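Peer 1: The structure is given below, and queries will be raised subsequently.
The values are calculated or read from the model by the stated rules, or taken from the named source; none is laboratory data. The structure presented is a predicted model; accordingly, all values stated were derived computationally and were not measured. With ideal geometry, Cβ positions are generated from the backbone for all residues, glycine too; neighbour counts draw on all protein chains shown.
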Amino acid sequence: MGFVEDLWAKSGSIMATIMFVYAMSEKFLPPHLLAYLRKYTHKLASFVSPYIQIIFHEFGGERLKRSDAFTAIQTYLSANSSHRVRRLKAEVVKDSQTPFVLSMADNEEITDEFQGVKVWWTSTSTTPKTQSFSFYPASDEKRFLTLSFHKRYRDLITGPYLKHVIDEGKAIAIKNRQLKLYTNNPSSRWYGYRSTKWSHIVFEHPATFETLAMEPEKKQEIVNDLVKFRNGKEYYAKIGKAWKRGYLLYGPPGTGKSSMIAAMANFMNYDVYDLELTAVKENAELRKLLIDTSSKSIIVIEDIDCSLDLTGQRKKKEKKDDNKEAKDPIAKMAEEEENKDSKVTLSGLLNCIDGIWSACSGERIIIFTTNFVDKLDPALIRRGRMDKRIVLSYCCYEAFKVFAKNYLGVESHELFPKIEELLGETNMTPADVAENLMPKSINEDAQTCLQNLINALELSKEEAKKKTEEETKKKAEEEEARLEAEKEKEECAQQEVKANGKSGDVVKENGFSH
Ligand SMILES: Nc1ncnc2c1ncn2[C@@H]1O[C@H](COP(=O)(O)OP(=O)(O)OP(=O)(O)O)[C@@H](O)[C@H]1O
């Protein structure tokens, strides 16, 4: 049995080799001989071999788009077998974390195993002898992967194995991909037509949930929420809703809103789209930008209270700037037309989010940030639109401990109780705590840094006390001035009454005298 299995295995490998030889001969034989060879090799192969071959071409029929299956299989094979193959090919791949990606070189063969069944993969490329001209750079080279396996395992290999290969290939690609930070450019106008698009840079923010200073329970709650969302594909499909989640982050400046967004993006491995609403001139443009976002992305609208005013209209400032730009009469007419009803409004924004993403596949997160939650329109923050609110506030003791561990490598210290006490007595943002705790030179040890923080907290407490005293004093002075003014007013009124009373007497007297 072992011998037979081995024989079959060998013949599978031989078949793969025949395919190479065949592919190589494509390069050198004249076309009419090649046609014969093709016909008879296939006949012979199918007659003698119990092996099946599946071919995956790099490009589809139109050769415009690289086949997703090919890419996923190549990623899977590169990750699982690059150490087993002797000849590798190095390619610069746009979105990869590494400078180049290694994959199996042409005409190499590797063996894979699935549930105890052996399969063989070969990579082949052919260059037809053609003089035809093409616009597509890869059009003269055909590359394909061939999978060979025993026909006994047809169901296992064409079903579960290929699914496993493609799923794993996609997962590896996501893990290895380089995150991007997109920003929308101010839209430009060309004879009445507006156009806008995203431009991107590599996203390399170092913030993670480990570096984020906040209460551990709150942090865990957010992580759990994200994991639930990420695994929620079936759930969202079942309830018939778009696979999206909205977060509202609010808190004073320097409390970690941007750091939280970066930590979320790194944790989820999602691209970030930083949507600058003030650069968007009309709802149609907003729609286009939202449609252009990829799945597995976080769309961020920062300082929402500054981007749209409370009635949902765009800020007047941008409108003024826009007028300056529109000197051409045609463009001016188009702009006047557009101004009638196409401004970016709050309802436009919300409808875009609800409507477009219901029709788009893939998962998306939208995050609004604000320093002033009370200023926001209730329509924006109502449940369903903003699924979760996250308050980021002044630094608490738990958050300080994260900084102490990350910045100084200390988890306990005799100065901790003093810091806990001071943090309870004064409001200091995490940004300021981080700034004060960070060693200023290599000579500063943990003790010095903690003492620096204590000094800063005491100063902050002192300043806050002084400010409160000044405010109290100011209020008292204002109250005194108000009372004084009231007293003066009363005295004036009394004097007036007196004066009027006297003149009344004169009138009376006069009346009498008449
Ligand atoms: N909770 C936090 N955890 C870790 N680092 C923080 C935190 N809050 C602030 N920081 C530090 O302070 C700096 C400023 O924080 P960040 O930009 O995230 O605050 P923000 O709330 O977004 O501020 P703004 O409202 O001004 O944009 C960051 O570079 C980060 O190092």
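Peer 1: Conditions first: (1) within 13 Å of the ligand (Cβ to nearest atom); (2) of a type outside the set (A, V, I, L, M, F, W, C); (3) under 21 Å from S393 (Cβ atoms). D274 passes all but one, so which condition is the exception?
Peer 2: (3)
Peer 1: So, one more: Which residue, of A279, A237, A263, is farther than 26 Å from A359 by Cα and of a type in the set (A, V, I, L, M)? I'd like the intermediate steps shown before the answer.
Peer 2: On the way: A279 fails: farther than 26 Å from A359 by Cα; A237 fails: farther than 26 Å from A359 by Cα.
Going through A279, A237, A263 in turn, just one is farther than 26 Å from A359 by Cα and of a type in the set (A, V, I, L, M): A263.
Peer 1: A further question follows. Can you report the number of residues in region 213-257 which are part of a helix (DSSP H, G or I), in contact (Cβ under 8 Å) with a residue 40 or more places away in the chain and crowded, with 19+ Cβ neighbours inside 10 Å?
Peer 2: 4
Peer 1: Return a yes/no flag: does region 220-241 have any residue that is within 16 Å of the ligand (Cβ to nearest atom) and touching a His at 6+ places or on another chain (Cβ under 9 Å).
Peer 2: Initially, region 220-241 is screened for residues within 16 Å of the ligand (Cβ to nearest atom), giving 220-223.
Next, only the ones that are touching a His at 6+ places or on another chain (Cβ under 9 Å) stay: none.
So far as region 220-241 goes, no, none of its residues is within 16 Å of the ligand (Cβ to nearest atom) and touching a His at 6+ places or on another chain (Cβ under 9 Å).
Peer 1: Then there's this: Look through region 331-384, keep the residues that are among the polar types (S, T, N, Q) and at pLDDT 65 or above, and return whichever of them is surrounded by the fewest Cβ atoms within 10 Å (Cβ to Cβ).
Peer 2: Pass one, region 331-384, residues among the polar types (S, T, N, Q): 339, 342, 345, 347, 351, 358, 361, 369-371.
Adding the requirement that they be at pLDDT 65 or above leaves 345, 347, 351, 358, 361, 369-371.
Numbers: T345: 18, S347: 12, N351: 14, S358: 12, S361: 9, T369: 21, T370: 22, N371: 17.
Among those that are among the polar types (S, T, N, Q) and at pLDDT 65 or above, it is S361.
Peer 1: Out of T429, T369, I need the residue that is within 11 Å of the ligand (Cβ to nearest atom) and closer than 30 Å to G240 by Cβ. Which one? Quick ask: steps written out before the conclusion?
Peer 2: On the way: T429 fails: closer than 30 Å to G240 by Cβ.
The conditions single out T369.
Peer 1: While we're looking at this one, here's another question. Go through region 387-490 and tell me which helices (runs of 4 or more DSSP H), entirely inside it, have 1 or more residues that are in contact with a Gly (Cβ under 8 Å, 6 or more places away or on another chain).
Peer 2: On the way: elements: 397-403, 416-425, 430-437.
The helices (runs of 4 or more DSSP H) meeting that bar are 397-403, 430-437.
Peer 1: Exactly one condition in (1) over 30 Å from N231 (Cα atoms); (2) under 23 Å from the mean Cα position of the chain (by Cα); (3) of a type in the set (D, E) is not met by D387; state its number.
Peer 2: With (1) over 30 Å from N231 (Cα atoms); (2) under 23 Å from the mean Cα position of the chain (by Cα); (3) of a type in the set (D, E) applied to D387, the lone miss is (1).
Peer 1: For the list (1) surrounded by 10 or more Cβ atoms within 10 Å (Cβ to Cβ); (2) closer than 27 Å to S258 by Cα, I need the number of the one condition that G424 fails.
Peer 2: G424 satisfies every listed condition except (1).
Peer 1: If we scan region 148-170, do we find a residue that is closer than 22 Å to F267 by Cβ, part of a helix (DSSP H, G or I) and modelled with pLDDT under 85? Break it down into steps so the answer makes sense when it comes.
Peer 2: Start the filter on region 148-170 by keeping residues that are closer than 22 Å to F267 by Cβ, which leaves 167-168, 170.
Imposing the further condition that a residue be part of a helix (DSSP H, G or I) reduces the set to 167-168, 170.
Keeping just the survivors that are modelled with pLDDT under 85 gives none.
No; the residues of region 148-170 include none that is closer than 22 Å to F267 by Cβ, part of a helix (DSSP H, G or I) and modelled with pLDDT under 85.
Peer 1: So if I check each of E463, E444, E435, which one is away from the ligand (no atom under 16 Å from the Cβ) and surrounded by 13 or more Cβ atoms within 10 Å (Cβ to Cβ)?
Peer 2: Numbers: E463 fails: surrounded by 13 or more Cβ atoms within 10 Å (Cβ to Cβ); E435 fails: away from the ligand (no atom under 16 Å from the Cβ).
Unique residue meeting the criteria: E444.
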